[in-house]
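> Can you read through this structure? Questions will come right after.
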Amino acid sequence: LVAGVACRPLAGALTRLPYVGGAAGKVKSHLEAYAREPGTQALALLLSVGVQVAGVGQVALVGLALGLDVSLMHWAVAVPLVSLITVLPISLGGHGLREASFVLLLGPVGVGPAEAVALSLSWTAGCALVSLAGGAIYVAGPFPRFSGLQGSSDENALGGDPGQGRARQPSKAA
C-alpha cells in the first residue's frame, strides 16, 4: 500500500520519458481511475489482508502438523516475507527460494533446516493439491472452455458488421 502510494507521482514523471512513456501513461490512467474508487481500494485491501491471514494460517497448521513450536506472531512475519521472496524472478516458481527463506527465517526460533524444508515442501504440495482439485472442477464443470472462445474475432462484431474498422486501414500491397 505504501509503495503503491509512493509510486503514484512517479508514474506521471515516467510518461515524459522515451520508450516507457506510453506504458507509463497507461499505468497512470489506470491508477487515476482506481483512485476515484475508494470502495474498490478498501475491498482490495480487505481481500489482500484476508489472503495473507489465510496463508499464515495454512502454514501455521502445516507447521503444527509437523510438530514445529513456532509462535503465531512469528508465522505472521515469516509467511508474507517468504511469499514476497518467492515471487522474485530469479527461480522457476520460487522453488529453492521458498525453502531457503524458511530455513533463514525459522532458524532463529529453533527450527532446523530439514524441518524448514519439509514445511516448505508440504505447503507447496498442499497448494498444488488444492489447485489440482480446482482444475478438475473446472474441467468437469459447466464453465466456458478456451476452444469455445476461439474463432474469428469477426463473429461477434459490434453492430453485426465484420468489416468495421477496416476502411481506414491501408490496403495490402499487390
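> Hey, any hits in the stretch 23-35 for a residue that's of a type in the set (S, T, N, Q) and either touching a strand residue (DSSP E or B) at 6+ places or on another chain (Cβ under 8 Å) or within 23 Å of residue 2 (Cβ to Cβ) (or both)?
yes
> When you scan the stretch 16-30, how many residues do you find that are surrounded by 12 or more Cβ atoms within 10 Å (Cβ to Cβ) and either among the hydroxyl-bearing types (Ser, Thr, Tyr) or not in a helix (DSSP H, G or I) (or both)?
So the answer is 2.
> With the stretch 57-149 as the region, which helices (runs of 4 or more DSSP H) entirely inside it contain at least 1 residues that are among the hydrophobic types (A, V, I, L, M, F, W, C), open to solvent by 70 Å² or more (accessible area, probe 1.4 Å) and at pLDDT 95 or above? Spell out the reasoning first.
Values: elements: 72-86, 97-106, 113-140, 146-149.
By residue number, 72-86, 97-106, 113-140.
The values are calculated or read from the model by the stated rules, or taken from the named source; none is laboratory data. Keep in mind that what you see is a predicted model, and the values were worked out from it rather than measured. So basically every Cβ, Gly included, is an ideal-geometry build from the backbone, and we count neighbours across all protein chains shown. For the accessible areas, the whole protein counts, side chains as well, though only heavy atoms, and no ligand, DNA or RNA atoms are used. Shrake-Rupley method; radii C 1.70, N 1.55, O 1.52, S 1.80 Å.
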